[in-house]
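Notes to accompany the following structure.
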């Protein structure tokens, strides 16, 4: 049996949106650290806010969020508040999101910042599977440290497929510790905030590419990655 010093606490939240027999989007799910609340619905369109149900992200936490969007549904997710990864006192934490988007479906996810405080050590994973005709627009913001801090370490792993074919494979480590952040200076300089817009799949609005100073990566398949630093 694990000792309290090494014990991992796993919490899973599931968000499932599909269409009923009349084509109206409906929300189902299982709450964990994150709870989903419907705020607007009109036919196949559904808007949902995500609310944290308890303090997170602490050392030893293993948070998993699973999102399934059924065929033809257009789902908008909005985070209510920022996620803060606290000093883990030597214990790492993890935050993983898996997204499955059905044929012709759309997911727009507008997140609040993910703040990595001094002493935090976090692994974060995004796995996205897009069916033919599906689209994903996701805005993600990482902030290294609170005011007056340099920030801890965050390892980001992204894997996305479209129609079963790899679309985006990326591993990035962000850290406020200069010894760990070797090689980052030419990318983000002294900036502590990194905004990433994932625009994957078909018919995804792309108003981000015109942002001054944005770094745009066009993918081999349908999609692009847009980053800004500030």
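Taking every DSSP bridge with both residues inside the stretch 74-181, close to 20 percent are antiparallel.
You can think of it this way: the chain between residue 49 and residue 150 has 33.3 nm of extra reach, that is 0.36 nm per residue less the Cα-Cα gap. Maximal additional length on extending the residue 220-residue 202 stretch stands at 5.2 nm, based on 0.36 nm per residue less the C-alpha distance. Between residue 193 and residue 9, the distance separating the two model label sites (each 7 Å from Cα on the Cα→Cβ line) works out to 3.0 nm.
Think of it as helices only: each DSSP H run of n ≥ 4 in the chain is worth -39500 (n - 2.57), and spread over all residues that comes to 0 deg cm²/dmol at 222 nm.
Report D for the stretch 97-168 in µm² per second (integer): Stokes-Einstein, Kirkwood Rh on Cα pairs, 4 °C, 1.567 mPa s. Taking Rh from Cα pairs, D becomes 95 µm²/s. Using alpha-carbon pairs under 8 Å, 6+ residues apart, how would you state the relative contact order of the stretch 9-168 in percent? Normalised by residue count, the contact order of the stretch 9-168 is 18 percent. The Kirkwood hydrodynamic radius of the chain, based on inverse pair distances between different Cα atoms, is 18.3 Å.
With N the number of residues in the stretch 1-111, Rg(Cα) / (2.2 N^0.38 Å) evaluates to 1.21.
Working ranking of peptides 211-218, 107-114 by packing, defined as the average number of other Cβ atoms within 10 Å per residue, highest first, is 107-114, 211-218.
Our note on the geometry: Cα centres of the stretch 10-74 and the stretch 109-132, 16 Å apart.
How would you rank 16-29, 124-137, highest first, on the average number of other Cβ atoms within 10 Å across their residues?
124-137, 16-29
When DSSP beta bridges are restricted to pairs lying wholly in the chain, around 45% turn out antiparallel.
A simple packing score, the average count of other Cβ atoms within 10 Å per residue, orders the peptides 92-99, 170-177, 116-123 as 116-123, 92-99, 170-177, with the highest score first. Between residue 170 and residue 123, the contour length at 0.36 nm per residue exceeds the alpha carbon distance by 15.6 nm.
Estimate the FRET efficiency between residue 177 and residue 22 by the formula 1/(1 + (r/R0)^6), using the beta-carbon distance for r and 45 Å for R0, to the nearest 0.05.
Values: r = 54 Å, r/R0 = 1.21.
Working from the Cβ atoms, E equals 0.25.
Each value in this text was obtained by applying a stated rule to the coordinates, not by laboratory testing. Bear in mind the structure is a predicted one, so any value in this text is a computation, not a measurement. In this analysis, Cβ positions are derived from the backbone assuming ideal geometry, glycine residues included, and neighbour counts consider all displayed protein chains.
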